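Novice: Structure in structure tokens, see below.
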Amino acid sequence: ASAARLGRCLDRAPAAFLEGAAANPELTPEAMAKLVRNPHAPPALLARIGRDRRWIRHYPVRRALVRNPRTPHRVSRALLAHLFWKDLADAAEDARLHPALRRQAEQLVCERLEELTLGERIALARRASRAVITALRARAESPVLRALLENQQLRETDAVAMAGSEDAPGEILARLAAHPKWGERREVRLALTLNRRTPVAVALRLVTLLPLEEVAYLAQQADAPRIVRMAAQRRLEARSPS
């Protein structure tokens, strides 16, 4: 078949057609990437392609091999380190892929954080998977933390860790307190009131919102900011019978 005909057929062709197409001298790298994305591609064929330097030197082919769940794991894992961070992030989030492959993709993204520009880290934070969220959170960069608050995979444990971080910028702590989801969680509010980096006005407002048993806890915490302890004590006294 001609290159044009191959291009029209490869995304839906059966396995036998794909075997013949892979041997066709008219096959282009773009067509090979389409062949590799075909959900009917046999694992043995994908393995052969993944070992063929003629093809894996082309980035779209490498990416397609990694993203096809039928590609043998040893092939996918060998190619994973040769993908850009965006494609690694996609692989980490792809539920069709083997868990070990997804974990390796996450690890590679975490290892490359220093190499990314701030803008790239911000873009990554908006879509990062679990392990990458933890790594980005630890960097305590305000623009990145703001983007993390938009990430749908962020959990309450992440929000509590951010609220209690001694490295978190005050602006982020204030934003967290005002967040429509996380700012309503009791554990997040308590962590914010105990954090000395939380802006005073924010911490004092949170003291008025916490349940009385947690206010009593705050009043007894020597590590809590003094002004927070005083506000907690005043609130308890105001509720005490005269």
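The values are calculated or read from the model by the stated rules, or taken from the named source; none is laboratory data. Predicted model, so just to flag it, every value in this text is computed and none were measured. Methodologically, a virtual Cβ is constructed for each residue, glycine included, from the backbone with ideal geometry; neighbour enumeration extends over all protein chains shown. When the accessible area is computed, the model is the full protein with side chains, heavy atoms only, and any ligands, DNA or RNA have been set aside. Shrake-Rupley method; radii C 1.70, N 1.55, O 1.52, S 1.80 Å.
Novice: Hey, could you check the range 106-125 for residues that are of a type in the set (D, E, K, R) and part of a helix (DSSP H, G or I) and say which is nearest to L149 (Cα to Cα)?
Specialist: From the range 106-125, those of a type in the set (D, E, K, R) are 106, 111-112, 114-115, 120-121; that's our starting set.
After this cut, where a residue has to be part of a helix (DSSP H, G or I) as well, the list is 106, 111, 114-115, 120-121.
Working: E106: 19, E111: 22, E114: 21, E115: 23, E120: 16, R121: 14 Å.
Filtering the range 106-125 for residues that are of a type in the set (D, E, K, R) and part of a helix (DSSP H, G or I), the one nearest to L149 (Cα to Cα) comes out as R121.
Per-residue answers, yes or no, for (1) hydroxyl-bearing (S, T, Y); (2) in contact with a strand residue (DSSP E or B) (Cβ under 9 Å, 6 or more places away or on another chain); (3) more than 26 Å from Q107 (Cα to Cα); (4) surrounded by fewer than 20 Cβ atoms within 10 Å (Cβ to Cβ):
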{"site": "G20", "(1), (2), (3), (4)": "no, no, yes, yes"}
{"site": "R48", "(1), (2), (3), (4)": "no, no, yes, yes"}
{"site": "R51", "(1), (2), (3), (4)": "no, no, no, yes"}
{"site": "R54", "(1), (2), (3), (4)": "no, no, yes, yes"}
{"site": "R63", "(1), (2), (3), (4)": "no, no, no, no"}
{"site": "P72", "(1), (2), (3), (4)": "no, no, no, yes"}
{"site": "D87", "(1), (2), (3), (4)": "no, no, no, yes"}
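Novice: If you don't mind, there's one more thing I want to ask. How many of the residues in the range 140-156 are under 9 Å from R127 (Cα atoms) and not in a helix (DSSP H, G or I)?
Specialist: 4
Novice: Test of understanding: among R239, R226, R196, which residue is touching a Pro at 6+ places or on another chain (Cβ under 8 Å) and surrounded by fewer than 18 Cβ atoms within 10 Å (Cβ to Cβ)? Lay out the reasoning, then the answer.
Specialist: Numbers: R239 fails: touching a Pro at 6+ places or on another chain (Cβ under 8 Å); R226 fails: touching a Pro at 6+ places or on another chain (Cβ under 8 Å).
Just one listed residue meets the conditions, R196.
Novice: Working carefully through the options D167, D158, find the one that is open to solvent by 30 Å² or more (accessible area, probe 1.4 Å), touching a residue at least 12 places away in the same chain (Cβ under 8 Å) and farther than 19 Å from F84 by Cα.
Specialist: Details: D158 fails: open to solvent by 30 Å² or more (accessible area, probe 1.4 Å).
Step by step, each of D167, D158 is checked, and only D167 is open to solvent by 30 Å² or more (accessible area, probe 1.4 Å), touching a residue at least 12 places away in the same chain (Cβ under 8 Å) and farther than 19 Å from F84 by Cα.
Novice: Taking the criterion of being under 19 Å from R96 (Cβ atoms), in a loop (DSSP other than H, G, I, E, B) and touching a Lys or Arg at 6+ places or on another chain (Cβ under 6 Å), would at least one residue in the range 4-15 satisfy it?
Specialist: Within the range 4-15 (the criterion being under 19 Å from R96 (Cβ atoms), in a loop (DSSP other than H, G, I, E, B) and touching a Lys or Arg at 6+ places or on another chain (Cβ under 6 Å)), the answer is yes, since at least one residue qualifies.
Novice: Follow-up question, since we're still on this one. Could you tell me which residue of the range 22-37 is surrounded by the fewest Cβ atoms within 10 Å (Cβ to Cβ), considering only residues that are touching a Leu at 6+ places or on another chain (Cβ under 8 Å) and not in a loop (DSSP other than H, G, I, E, B)?
Specialist: Among those that are touching a Leu at 6+ places or on another chain (Cβ under 8 Å) and not in a loop (DSSP other than H, G, I, E, B), it is A22.
Novice: Looking only at the range 93-118, filter to residues that are among the hydrophobic types (A, V, I, L, M, F, W, C) and open to solvent by 50 Å² or more (accessible area, probe 1.4 Å); which one of those is nearest to H73 (Cα to Cα)?
Specialist: So, considering only residues that are among the hydrophobic types (A, V, I, L, M, F, W, C) and open to solvent by 50 Å² or more (accessible area, probe 1.4 Å), the one nearest to H73 (Cα to Cα) is A95.
Novice: Among the candidates V202, V188, which residue alone is in contact with a Phe, Trp or Tyr (Cβ under 9 Å, 6 or more places away or on another chain), buried (at least 17 other Cβ atoms within 10 Å of the Cβ) and closer than 20 Å to E156 by Cβ? Reasoning before the result, please.
Specialist: Numbers: V202 fails: in contact with a Phe, Trp or Tyr (Cβ under 9 Å, 6 or more places away or on another chain).
V188 is the lone residue from the list that is in contact with a Phe, Trp or Tyr (Cβ under 9 Å, 6 or more places away or on another chain), buried (at least 17 other Cβ atoms within 10 Å of the Cβ) and closer than 20 Å to E156 by Cβ.
Novice: Would the range 212-222 turn up any residue that is of a type in the set (D, E), open to solvent by less than 30 Å² (accessible area, probe 1.4 Å) and either over 26 Å from the mean Cα position of the chain (by Cα) or within 30 Å of E150 (Cβ to Cβ) (or both)?
Specialist: Looking for residues that are of a type in the set (D, E), open to solvent by less than 30 Å² (accessible area, probe 1.4 Å) and either over 26 Å from the mean Cα position of the chain (by Cα) or within 30 Å of E150 (Cβ to Cβ) (or both), one finds at least one in the range 212-222, hence yes.
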